[in-house]
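Here's the structure, in structure tokens; my notes come after.
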Amino acid sequence: MEQLIQALVDGLVLSSLYAIVALGLTITFGVLEVVNFSHGQLVTLAAYLAFTMVTAGISFWLAIPLVMVCLILIGMVMEIATFRPVRSVPINGLLVSIGWIAIFTAFIHILWGPNQLNLDSVFRGSSKVLGISLNPNNLLVIALALVVMGLLAVLLRMTMIGKMLRATAQNREAAALLGVRVGWMNTLAFSIGAAMAGLAGVLLANLFPITPALGDSYMVFAFVALVIGGAGSAVGAVLGSLVVGMAVALAQTFGTTAVASTLPFIVLIIVLLFRPRGLIRTESEASL
Amino acid sequence: MSTTTTNHAPAPARSTRIQKIANARAPFAWVLLIVWALLPWIVTDAVFLNVITLSMVWAFWALSLNIVWGFAGQFSMAQVAIGGLAAYTYAILATSAGWPALAAIVLGIVLSVVVSILIALLCLRLEGFRFAIMTLAFALAGIGLASSLDITGGPSGITVPTDWPVFTIGSLRWDTAGVTGGLAFTGILVFFVLIALLAWFLRSKSGRAFLSIREDSLLAESLGVNPPRMRVLAFAIGGVAAGVAGVYQVQYYAYAYPTLFSFSTLVNMIVVVVLGGPGRLYGPLVGGIVYATLSVGLPIGGDLQAALFGAAIIVITIFAREGLAYYLGIAQHRVWRGLFGMLSRSRRADEAGAPANATSADVTESSDRVGSRDLSSQPVVLSGTGLQKSFGGVTAVKDMHFAVHEGEIFGLIGPNGAGKTTAFNLITGFTRPDKGSVEWLGADVTRVSPSARARAGLVRTFQQPRTFPKLTVRENMVIAAQSAGETQDIDGVLADFGLAEEAETLAGRLSYGHSKRLGVALAAAAGAKMLMLDEPAAGLNAADIKQLMADLVRLRDQGRTIWLVEHHMDVIMHLCDRVMVLDAGAMITTGAPDDVVADPRVIEAYLGGGRDEAA
């Protein structure tokens, strides 16, 4: 029983990490209709940036916004210089993002080397509550994921910018005709996605050893979550992340690592066989 | 000279002429291949031989991706896993199980094809990025398995046999170590064979159908091409190439280990296809040569190289999507023209000599109705019984009944939102009814796919003109005709439709009216016994409408039945034998055109009833 509850708590932590990555992907996909396969490299890059900042003496709490700002700048450059010129054909966006994977991977190797780096966690030790071990670093992940979801909901539903983003996602032409600068909405959406990758990277650096492949599995499982949940839907992204996070945590506790690494794909295949558009069906492909 | 087009690049902005040249079966490419095949015999320098062999490793990988993506439009990331399966099968059977190497390779490739087909079947209902991610999931699961299983040797991998029979032909020593001519030449030979088979296939009728699903899957389906079958076929052929690639790669490294089939292999494969140009027959070879030469020759570290190739994908995607093979084709043409100026000039003269514009729309003004005939004694070809369809609580079509007789032109009219399009989609199979059934030639086709209905002779057109824009008008017709399964006089049909002069034009460059006309011609060429026309006159000018009416009368006189959804009442009144009127999903009346327009319920539907959506 305790083992099960522990697995569920661990699953919640994983789900939160997946959700942060998946929400970043959803926003980018929803507005730009581009699947950014280099999102995982952005997460990894953010983890390394956090490492460099914290070892240079910057406080972890300050590093969070600083890394996010760095990622926003990188995201803006990526969008304006490379994604914008190929906007008319979505598959080209996919190709461009694959090019970025190679570039980021190479530069991470060159700048930080291939060996793993360790950042001291911001909180030490963990407490036991009713036999369940609660690591405050993990709780931080869950808390920040909830904050991000809340902020995102407020941004998308309540602000003018958010409404313009959603309008662009739902019908670009109509939005453009009504005076929305859809080009800047693309840049904005990409930057928000990059910022989310930044947050995920800092949190990962606080939890795990940093390696050049750190973000890869998170991006892949976030993709799986996105497809399971229903792409283009923020609610779907969170729901899918819960499914994947819980599946991985349960498989890690009660199965082997091999099971844990393949179970999400099996869930994906089963879900897509019965609901090809995911659990949450959106009206159009991209709608937010 | 070389006018048979075998490969097609996405280059709508180029002129037709350049396009044709670049598409042409390039003698240059054959020269390249022959020189390439001779190199291993001439060159003995180890570094150079290494480059040649490495080129072939990447050419094979790229070939497999080019088949599924470049030719069939399915961006599959599973190719590494599919190739890895063949490679590991070969390694395991030939070393631990003691099989003869060739037998192990063949079984490995067969397994690759089987798994490739299975993956295609599992991904059949997915489109676009979902498809890409699902295939990526298979790739990652495969890599995960390879590095965790005992039988594959885990992360360190297993050896492959290198004790192939050794013999010498001239300067070529035939063995299997990575840097000798034997492996290089074997690779080139196998590549030759695969390319020749592929070229032969693409020129065949099913090869055209194969290309059509990349261009426009929905249109292909309406013309009787079965897209799922074509996708599975693409994966099967791509599986062969991937299997060969996997085996060749582990033979080159003399070792099978997971890193060879990792995500970076996938990225490099994409680099090579993009370099060479997706959808070009020789693209993988050109890309492979460039990639291997740069990766061996560039005096910079592996990381910088990787970054450079990444940047290359981005730059090529933005600025030169046609890839290197396209520009080689252009360069070849320039050289060719320089060498054989006469030939080129005479060809230009031919083109200039063609009549600029032939009159095709010489239909005489006729106010006589050609319709309004009573055909009730003719057999019923198409009938619907109690058809019903709702979308989220709104009933788009309710309790619809009809029976269309052979040779009839049957009109369907109604105000906007009456359910005409839904009815149309129910009959053609693009939507499944909630209730009721559709019978075509006495058989219940309610649950039959659109492409199967098309092959049975029930063919639709689209309201927005749908053609395969990057294929010529004639190639469009060839694709349509292949599902009819009979040889047709395509030039004759094009002449009937007044499209003869544009036979070699890319369909995407036709005017709006002409591309709609081509849509009707495609449906006819697809062997339509009955044409389902969705607003064929919408957006046409008067001359094009006149030509359309003449076309439809001719098609009718050829014995075809026609179902016509149309807003142009003059077209309806002129052509139709009977007209059915829909309003708010319900049938109001069916009858001769004159009776129908005089019916007060019809007038009310269009004008009255407090509705403000008169058509």
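Quick note: the coordinates plus some simple rules give every number you see, no bench work behind them. None of these values were measured; they are calculated from a predicted model. Heads up, the Cβs are rebuilt from the backbone with ideal geometry, glycines too, and the neighbour counts pull from every protein chain shown.
Descriptive notes on the structure:
- Shielding by partners, peptide A:106-112 (average Cβ within 10 angstrom, other chains): 4
- Net charge of the neighbourhood of B:A452, taken over other residues with C-beta under 12 Å away and scored Lys/Arg +1, Asp/Glu -1, is +3.
- Inter-site label distance for B:N416 and A:N171 at 7 Å from Cα along Cβ, in nm: 1.2 nm
- 18 Å Cα-Cα threshold exceeded, pairs from B:K435/B:K529; B:K516/B:K546; B:K205/B:K516: B:K435/B:K529; B:K205/B:K516
- Exposure proxy ranking, count of Cβ atoms within 10 Å, fewest first, for A:Y18, B:Y257: B:Y257, A:Y18
- Inter-chain neighbour count for B:304-316: the average number of beta-carbon atoms from partner chains within 10 Å of each residue's beta-carbon is 6.
- Each pair of Cα atoms in the range B:473-560 enters the Kirkwood radius, and Stokes-Einstein at 10 °C and 1.306 mPa s then converts it into a translational diffusion coefficient of 122 µm²/s.
- Kirkwood Rh, angstrom, chain A [1 / mean 1/r, Cα pairs]: 19.2 Å
- Among B:A481, B:S511, B:G492 the positive-end extreme of the charge dipole of the range B:471-517 (Cβ point charges): B:S511
- Mean per-residue shielding of peptide B:75-83 is 1, counting Cβ atoms of other chains within 10 Å of each Cβ.
- Lysines whose Cα lies under 16 Å from that of B:K420, excluding same-chain neighbours fewer than 8 positions away: B:K389, B:K398
- Reduced Cα scattering model of the range A:75-137, Debye log10 I(q)/I(0), q = 0.28 Å⁻¹: -1.12
- Only beta bridges with both residues in the protein assembly as shown are counted; by DSSP, about 65 percent of them are antiparallel.
- With a Förster radius of 41 Å applied to the beta-carbon distance between A:A81 and A:V154, the computed FRET efficiency rounds to 0.85.
- Ranked by how many other beta carbons lie within 10 Å on average, peptides B:129-138, A:251-260 from highest: B:129-138, A:251-260
- B:Q388-B:D570 pseudo-label distance in nm [points 7 Å out on the Cα-to-Cβ vector]: 4.1 nm
- Placing a label point 7 Å from the Cα of B:E439 along the Cα-to-Cβ line, the residues of the range B:376-399 whose backbone N sits under 16 Å from it are B:377-387.
- Here the calculated FRET efficiency for B:V114 and B:D595, from their Cβ-Cβ distance with R0 = 60 Å, stands at 0.45, rounded to the nearest 0.05.
- Within the protein assembly as shown, the proportion of Cα pairs with more than 36 Å between them is 56 percent.
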